Amino acid sequence: MKRIAALLAIIILFCACQPTPEEEFVVNKGDGVLTEKIADVPAEEKRFEAPARVDEIIYGQSLTVELAAEVVLPAVDCYPVAEVVSQTYDAAWARDMLTRIADGRRLLVRESEAGANMTREGILREIRAVQESLSTLDEDYANLSEAEREELRKDLNEQLEVWQAYYREAPDSTDGLDADLSDAAYDALGRMNAEVDDERPERKYHSPIEARMDGTIEYANMDDAISQTTRYEPVTGPLRGVTLSEDEAVAVAKTFLARLGETDLEPVLVFAADCPRYGEEYERHDEQAYVIWFTRPVNGMTGAMTHSQQDVFGYYSQNGGDRTYSEPCEQEYAYFKIRDTGVNWFEWHKPSTVTRIVNENVKLAPFETVLATFRKQIMLEVFPVLEEARVSCDYCDMKITDATIRIDRIALENVRIRKEGATGTYLLVPAWSFYGSLVLRGENLLRNIGEGWDIDENGDAVYFVPGACYLQINAIDGSIIDPGQGY
């Protein structure tokens with residue numbers, strides 16, 4: 001983690017050097033222009049005109065932006081604006097989701113990492129982990145003062161006492177105990193969870209399911225010994241350890257969604273995920289899985305699936321790091337990890353419902369206007385991978401000489417923004433998403449500097465995650481979409 005913080009801090013210094021513009025490049029979102037354009041009469045049906053590619057370079061101080069990008073247009077002649085609301089994430093919704101995922105199987109008590117409802121075997125693992133931490137405390141935390149180590153030792157001993165108390169009261173088995181699906185439990189915990197026996201004899205554990213008040217559903221059904229991954233690559237042929245084709249994997253996901261009562265979501269990203277076995281780290285692995293992201297289309301307009309690299313808490317390069325917090329306007333997506341054994345992992349974030357079409361074909365700003373905004377604004381955007389630390393690199397020998405943002409795809413998609421004056425109601429509007437990766441050059445770069453990082457054949461450090469989006473521009477008025485503010 002220290003290495004990551006050090007690296008990110010250096011890059012932040014590069015970005016902080018970018019000059020503050022003398023003029024405002026972003027359309028003033030409080031002037032009512034966007035609202036007026038959305039309320040205008042539908043435009044004449046006509047396919048939007050844009051070049052097939054954009055190739056150019058934007059130079060900054062120690063930061064370069066390279067556009068070698070395909071321009072992706074939806075196969076439609078109308079560009080709608082829709083109104084959307086989140087589903088009601090109450091206990092009834094949570095029960096329904098768990099029941100549908102279980103598909104007739106019994107919803108059992110879930111072993112909790114906090115100790116409640118855990119078996120003695122599970123608690124004993126936790127006890128041994130704390131005991132191991134105590135035995136190596138002086139070695140692991142030699143950099144702390146004696147007083148700080150004693151405080152940590154006290155905390156660990158208190159944890160040990162709590163686990164030992166759980167152990168004395170815990171059952172040998174939770175088999176036969178039904179999950180608590182009551183409204184009271186959901187209201188108290190903010191979530192409803194259970195586990196199901198997927199009747200896969202090769203697996204040692206049941207599969208946990210959880211639905212939370214924040215509008216997140218999770219189902220974990222991973223093959224034994226396979227862990228989660230952060231390493232992805234394009235699907236170019238058969239996957240290692242998987243016989244399913246890409247189309248078959250998508251069909252498995254759609255069948256699962258239909259079981260939950262959802263038939264409108266469509267796949268927008270498909271990658272091959274590396275599947276390390278527990279204990280493996282950075283080497284190439286023998287197993288892979290399909291990872292598929294679904295979003296909600298509107299009249300043929302694909303929904304964006306973005307891993308936003310914009311600064312959602314305030315412009316670091318201009319305000320010295322002060323944050324102005326507001327809850328991000330989160331996009332809806334469903335995520336699958338699929339192998340021959342079926343759905344190994346599932347997440348559904350912010351399930352929503354389209355209530356009406358506000359404008360069947362809104363007029364869009366010219367593509368050149370969008371590009372002009374991108375050119376002027378991109379150097380002022382600082383992405384989350386650079387937000388995590390602002391400390392000097394005084395404990396590593398990495399030296400970063402320059403950084404490059406590579407944009408390889410510019411897509412016209414629908415994006416969720418807040419509807420003015422209507423809490424809980426959103427708009428899906430046409431927007432341009434600029435996707436790509438970050439490249440660092442220098443000396444002594446490390447491959448394992450964090451999630452999404454790797455070293456390429458040139459020895460450069462490359463940050464890539466599926467859907468990494470470095471800027472979103474409203475296609476209607478050409479304004480920057482701030483993912484933190486939601487407009």
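Taking θ = phi - 60°, what integer Hz values does the Karplus form 6.51 cos²θ - 1.76 cosθ + 1.60 yield along the range 242-250, in sequence order, with x for Gly and Pro?
Using θ = phi - 60°, the values come out as 9, 9, 4, 7, 4, 4, 5, 5, 4 Hz.
Tell me whether the range 152-254 comes out rounded, prolate or oblate; compute the Cα gyration tensor, take square roots of the eigenvalues as a ≥ b ≥ c, and use a/c under 1.5 as the rounded threshold.
Because a/c hits 1.5 or more and a/b exceeds b/c, the range 152-254 counts as prolate.
Sequence gap at least 6, Cα distance under 8 Å: using those rules, report the relative contact order of the range 210-295 to the nearest whole percent.
It rounds to 35 percent for the range 210-295.
Which loop trypsin sites (Lys or Arg not before Pro) in the range 402-470, with loop taken from DSSP, have no more than 14 other Cβ atoms within 10 angstrom of their Cβ?
447
Mind ranking 54-66, 330-342 by how tightly packed they are, going by the mean number of other C-beta atoms within 10 angstrom, highest first?
Highest to lowest by the protection proxy: 330-342, 54-66.
Sorting check: for 210-217, 454-461, 140-147, which peptide has the highest mean count of neighbouring beta carbons within 10 Å, and how do the rest follow?
Put in order of decreasing packing, that is 210-217, 454-461, 140-147.
Greater than 22 Å separation of Cα atoms is the criterion. Which listed pairs, 46/350; 46/254; 254/337; 46/376; 46/363; 37/419, meet it?
Violating the 22 Å Cα-Cα cut-off are 46/350; 46/254; 46/376.
Need the list of lysines near residue 399 for cross-linking: C-alpha distance under 16 angstrom, and skip anything on the same chain fewer than eight residues off.
Filter leaves 2.
Return the long-range amide H neighbours of residue 425 (sequence gap of 5 or more, or a different chain), with a cut-off of under 5 Å between placed amide H atoms.
419
Sorted by accessible area with a 1.4 angstrom probe, largest first, how do 46, 204 fall?
Reading off the accessible areas and sorting them downward yields 204, 46.
So, with a 1.4 angstrom probe, what is the percent of accessible area on the range 42-169 that is carbon and sulfur?
Result for the range 42-169: 46 percent of the exposed heavy-atom area is carbon or sulfur.
The values are calculated or read from the model by the stated rules, or taken from the named source; none is laboratory data. Here the structure is a predicted model, which means the values were calculated and not measured. We place every Cβ from the backbone using ideal geometry, glycine too, and count neighbours over all the protein chains shown. Note: areas computed on protein heavy atoms with side chains; ligands, DNA, RNA excluded. Shrake-Rupley method; radii C 1.70, N 1.55, O 1.52, S 1.80 Å.
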